[in-house]
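Take a look at the structure below.
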Amino acid sequence: MSEIPPNFAIPTINWQVPTFLVVTGASRGLGATIAKEFAKKLVEGSYILIIARDKAKLDNVKTEIEKTNVVYVERLAMDLNLLDSPSYEHCFSKYTHYNFRQAVIVNNAGTLGDISKTAVQNTNGPDIKNYFEVNLLSAIFITTAFLNAFKTVERKIVLNISSLAAIQPFRGWSLYCTGRMNCCYTYKEYICI
């Protein structure tokens with residue numbers, strides 16, 4: 001395992017200040033768990049925006065969060081396969097006038113893709129392009145829109161959820177492994193985990 005460079009600061013989330021929190025892929029699994037657990041730590045005046053494709057599952061996660069915390073919870077059912085950063089700006093525009101001291105985005109959304117194919121069988125350009133649009137470009141675009149929307153917020157933290165697949169190959173997971181490795185695209189002083 002490589003060491004973190006000495007000039008690379010790992011930001012910590014300050015749970016004591018009003019925060020705007022975004023979690024993508026929040027309708028189930030790890031994303032839903034992150035949303036619920038992080039929401040428990042947020043103070044009054046904080047907002048959490050949960051994003052995924054499945055509105056009904058997002059509604060369930062929203063209900064669970066509201067049972068355990070005083071934060072405002074909003075859900076946005078959308079497919080993250082948009083083509084450019086401006087396509088995501090509408091996600092955050094209604095929150096930019098609040099006085100948040102911190103804004104955090106957790107990029108968790110992604111798909112395994114077609115794991116029935118080995119690396120030498122991944123020969124269909126449009127399928128490969130679509131995979132990376134969903135699993136890599138969407139994280140870059142939504143993060144760029146997030147950073148632009150909250151540029152006046154004191155602290156901004158970007159957390160990109162990766163996987164063991166980023167460093168260990170799995171048969172049939174060549175696209176997923178590549179996507180998870182590349183999800184550690186960083187923005188200046190922001191960190192990926």
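FYI, it's all coordinate maths here, none of it is from the lab. Bear in mind that the values here come from a model prediction, so they are computed numbers and not experimental data. Using ideal geometry, Cβ is built from the backbone for each residue, glycine included, and neighbour counts are taken over all protein chains shown.
Side notes on the structure shown:
- Expressed as a fraction of 2.2 N^0.38 Å, the C-alpha radius of gyration for the range 26-67 is 1.06.
- The range 26-46 residues near the modelled residue 76 label - backbone nitrogen below 13 Å, point 7 Å along Cα→Cβ: 26
- Reported to the nearest whole Å, the Cα centre-to-centre distance from the range 55-80 to the range 17-38 is 9.
- For residue 96, no residue 5 or more places off, or on another chain, has a built amide H under 5 Å of its own.
- Phi angles across the range 70-78 convert, under the Karplus curve 6.51 cos²θ - 1.76 cosθ + 1.60 with θ = phi - 60°, into 3J(HN,Hα) values of 9, 6, 7, 10, 10, 10, 10, 8, 7 Hz, Gly and Pro given as x.
- Among the listed pairs 36/129; 41/62; 36/151, those whose Cα-Cα separation exceeds 21 Å are 36/129; 36/151.
- Projected label points at residue 64 and residue 28, each 7 Å from Cα along the beta carbon direction, are separated by 1.2 nanometres.
- Amide H contacts for residue 156 (H built 1.01 Å from N in the peptide plane; partners 5 or more residues away or on another chain; cut-off under 5 Å): 103.
- Using θ = phi - 60° and Karplus 6.51 cos²θ - 1.76 cosθ + 1.60, couplings along the range 90-96 (whole Hz; Gly, Pro as x): 4, 4, 10, 4, 6, 9, 6
- Whole-Hz couplings from phi, Karplus 6.51/-1.76/1.60, listed for the range 50-57; x for Gly and Pro: 9, 10, 5, 7, 8, 4, 4, 5
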